[in-house]
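The structure under discussion appears below in the form of structure tokens.
The values are calculated or read from the model by the stated rules, or taken from the named source; none is laboratory data. Computed from a predicted structure; not experimentally measured. With ideal geometry, Cβ positions are generated from the backbone for all residues, glycine too; neighbour counts draw on all protein chains shown. When the accessible area is computed, the model is the full protein with side chains, heavy atoms only, and any ligands, DNA or RNA have been set aside. Shrake-Rupley method; radii C 1.70, N 1.55, O 1.52, S 1.80 Å.
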Amino acid sequence: MKKSEKIIAAILSMVVGVLLIVLKGKFIGVIAAVVGVSLIVLGLVDAFGGGIPPAVIKIVVGVLIVICGFAIVRAVIYVISAVLLIAGVLLLYDKLKNGLRCIETPQRICEIAMPSVCILIGVLLLFHNAKMMNVILILCGILSFIEGGLILFNAFVED
């Protein structure tokens, strides 16, 4: 990547990070609207270019995203929550059924911690959807901002 591309990517990453921290849940609506409208425009361009089946699919998906953006996000969060719960329970069951391989107590605690954390995050996502969503968006914003800073630092150091 060129130095100018790295700087642009870093600035965009930092801007997205700040927007995620400041706007939280509203940011999802903005992104859903942008993606939905983009798909509708791409569908219209395809329709004028002669590709009717892809155009119809893009337009329908774009309209669904614009209209049902938050419902889609909530459905995905519920699916992630269910997957985390099931994975955590199965991992914990496997650990307890087959026995813990570690001899020392701190290592045993670490072996049980990962499935327990999966179960905890799954339960929190399932029952405290809005609060957990804000926490997740803030963490993503912080990580995005840090990534932008690292890319910017890397752009000036490498050359």
note = Considering segment 79-101, residues that are of a type outside the set (A, V, I, L, M) and open to solvent by less than 100 Å² (accessible area, probe 1.4 Å), and then whichever is nearest to V30 (Cα to Cα), we arrive at S81
Tabulated pairs, segment 62-86, first touching a residue at least 12 places away in the same chain (Cβ under 8 Å) and among the charged types (D, E, K, R), second surrounded by 13 or more Cβ atoms within 10 Å (Cβ to Cβ) and assigned to a helix (DSSP H, G or I), C-beta under 7 angstrom, 6+ apart or interchain = R74/N129
request  = Of the numbered conditions (1) touching a Cys at 6+ places or on another chain (Cβ under 6 Å); (2) without any contact (Cβ under 8 Å) to a residue 40 or more places away in the chain, N98 fails exactly one; give the number of that condition.
outcome  = (1)
request  = Hey, could you check segment 53-73 for residues that are at pLDDT below 80 and closer than 19 Å to H128 by Cβ and say which is surrounded by the fewest Cβ atoms within 10 Å (Cβ to Cβ)?
outcome  = F70
ask   = Hey, among L12, L44, which residue is assigned to a helix (DSSP H, G or I), closer than 30 Å to A155 by Cα and not hydroxyl-bearing (S, T, Y)?
value = L12
message = Please go through (1) β-branched (V, I, T); (2) more than 19 Å from the chain's Cα centre (by Cα); (3) surrounded by 15 or more Cβ atoms within 10 Å (Cβ to Cβ) for V123 and return the number of the only condition it doesn't satisfy.
response = (2)
remark   = Exception for V34 within (1) under 16 Å from the mean Cα position of the chain (by Cα); (2) open to solvent by 70 Å² or more (accessible area, probe 1.4 Å) falls at (1)
task = Taking G29 as the residue in question, decide whether it is open to solvent by less than 40 Å² (accessible area, probe 1.4 Å) and closer than 30 Å to P115 by Cβ.
result = no
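Just the residues that are surrounded by fewer than 13 Cβ atoms within 10 Å (Cβ to Cβ) and either touching an Asp or Glu at 6+ places or on another chain (Cβ under 6 Å) or not in a loop (DSSP other than H, G, I, E, B) (or both), please, taken from segment 136-159.
L139, L150, F153, F156, V157, E158
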